[in-house]
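One structure is given here, and the rest of the page talks about it.
FYI, it's all coordinate maths here, none of it is from the lab. From a predicted model like this one, the values you see are computed outputs, not experimental measurements. FYI the Cβ positions are ideal-geometry reconstructions off the backbone, even for glycines, and counts take in every protein chain you see.
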Amino acid sequence: MKRYEVSRVYKRWRPTLNVVLDSLLIMILQGFQTVDQELQKIHKDILKHMKEAVIASEAKQQVVMELEVKGSVIVELKLELALAEKEQAKRS
């Protein structure tokens, strides 16, 4: 095609090309908006799960402490039972 023919074709199709390009741009921007919304949702979910993890960790620490205390009580009770059995054996 000669240069003047290209210019003529471009002038003829320019409005259509602009509409198509505008439509593509709108679709791309909508896609970005959707991705941004999903990222915000994921960020909120991550923050929520991080808070839940902290709460669960604190609860775990509390349970471990309680188990340690109860373990100490059990050891003391076993020692007392052993002493009581020895004393009873001496009396018998």
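How large is the translational diffusion coefficient of the chain in µm² per second when you combine the Kirkwood radius over alpha carbon pairs with Stokes-Einstein at 4 °C and 1.567 mPa s?
Values: Rh = 21.3 Å.
My calculation gives 61 µm²/s for D.
Hey, what angle do you get for helix 3-91 against the long axis of the chain, alpha-carbon based, 0 to 90 degrees rounded to 10?
The answer is roughly 0 degrees.
List the lysines whose Cα sits under 26 Å from the Cα of LYS60, skipping any in the same chain fewer than 8 residues away.
Those lysines meeting the cut-off are LYS44, LYS48, LYS51, LYS70.
Got a sec? Charge dipole of the chain, +1 on Cβ for Lys and Arg, -1 for Asp and Glu; which of LEU25, VAL73, LEU39 is way out at the positive end?
LEU25
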